[in-house]
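Trainee: Here you go, one structure.
Since every read-out is calculated from the coordinates, none of them should be taken as a lab result. All values derive from a computational prediction rather than experimental measurement. Note: ideal-geometry Cβ built from the backbone for every residue, glycine included; neighbour counts use all protein chains shown.
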Amino acid sequence: MNHRIPRSDSFPLFASAALFGCLLAITGRAAAADIPPASKTPPLFVENFESTSVGQIPSGFTATGKVAVADDFSNSGKKSLKIDAAQKGPRRITLKGDILTKLGGQFWGRLYYRVQQPFPLPDPASSNPVIHATFVAGSALSPQFNDSIEIRMLDTVENKQGAHQYIYNVQPKSRPEFGKQSPYSYHYTDAWTLAEWSVDEATQSYHLYINGQEITGVALDKGAGNFTKVELPKVFTSLSFGLYNYQPAGTGFVVWLDDIALGKERIGPVAGDAAKPAAAASAPVQK
Ligand SMILES: [Ca+2]
């Protein structure tokens, strides 16, 4: 089909709108898969958990809470990182050192996660019935206030209906938290979900993609030097992967992570898994 936006003022408005919508649908679908493109060079860091013994964590990481490599589910190979149930608190592995210096303040992250079904709901008797659960966080000094902050790069808040939003969330040690949220349009699934995110200190930008689709509600592009309500640093002092829920979650979430990768350009799906984002996008992640 050859769609053209008509120039004539006499062209019916509804027809213009219909054509424009059609164009958006076509170009929007292409953009989700192609922009920004995945890098052709390997990422700087990859962890697929295959070379770590079950019950251990990979070398280079430190563990907090009940988290270890397991072989009951995997996205790649036979193993993944399993986050065991806990009412709340951190169950995660933390990376420090040279890789963070190499990544600096501009990098992409990628991982897959799956959530055991049924997953916990917030305590309905709570005055604030939500469960805030962080999958990926980085610690740093604020470029604006030079104090300690944690930046949550893959982060969710679940409501009492069991739907969740994605959020960009910054938790300073001694100031109020802040962030930017998507609608509560998503549900945890036990399908492997592809999460990709980017941070850029130079432009104070943050973007998140789930199964190849951008979560535009959390997107930030504040511009150079405009740190307010972003506070992306030139370098991170650690990156943590796992789950940390801050409100009680009953018997607790059980979550698996696999194929963590970090690089200067978009990483995309694991090799040979190129069909996954398109297929997964139609899965019931978004309602
Ligand atoms: Ca694996």
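Trainee: Hull surface divided by four, with the convex hull built on the Cα atoms of region 41-281: how many nm²?
Mentor: Average of the hull's projected areas for region 41-281 equals 12.4 nm².
Trainee: Which lysines have a Cα less than 26 Å from the Cα of K88, not counting those fewer than 8 places away in the same chain?
Mentor: The qualifying lysines are K66, K79, K96, K160, K173, K180.
Trainee: Next question. Please identify the trypsin sites (Lys or Arg not before Pro) of region 120-217 that satisfy two criteria: DSSP loop assignment and at most 10 other Cβ atoms within 10 Å. Which are they?
Mentor: Working: sites: R152, K160, K173, K180; in loops: K160, K173.
Sites meeting the loop and neighbour criteria: K173.
Trainee: In nanometres, what is the gap between the two model label sites at A85 and F73, each 7 Å from Cα along Cα-to-Cβ?
Mentor: Between A85 and F73, the label points sit 1.4 nm apart.
Trainee: Something else about it: Where the only charges are on Cβ atoms (+1 Lys, Arg; -1 Asp, Glu), what is the dipole of region 41-281 about its Cα centre, to the nearest 20 debye?
Mentor: 300 debye
Trainee: Now a separate question. Between S39 and K66, what is the FRET efficiency for a Förster distance of 41 Å, r being their Cβ-Cβ separation, to the nearest 0.05?
Mentor: 0.75
Trainee: Moving on. Cβ under 9 Å from W108's Cβ, W108 left aside: what net charge do those residues give with Lys, Arg +1 and Asp, Glu -1?
Mentor: Computed value for this residue: +1.
Trainee: Using amide H atoms built in the peptide plane, which far-off residues or other-chain residues are under 5 Å from A68 H to H?
Mentor: Close amide H contacts, sequence-distant or interchain: K82, D84.
Trainee: Now for a separate question. So how far, in whole Å, is the C-alpha centre of region 168-245 from the one of region 135-157?
Mentor: 9 Å
Trainee: Once phi is turned into θ = phi - 60°, what whole-Hz ³J(HN,Hα) does the Karplus curve with 6.51, -1.76 and 1.60 give for every residue of region 63-70, x standing for Gly and Pro?
Mentor: 9, 10, x, 7, 8, 6, 5, 9
Trainee: Quick check on the exposure proxy: order H187, H207, H164 from fewest to most C-beta atoms within 10 angstrom.
Mentor: In increasing order of surrounding Cβ atoms, one gets H187, H207, H164.
Trainee: Mind putting together the pair-distance distribution for region 129-249? All Cα pairs, 5 Å bins, whole percent per bin, short to long.
Mentor: That works out to 2, 11, 21, 26, 20, 12, 6, 2, 0, in percent per bin.
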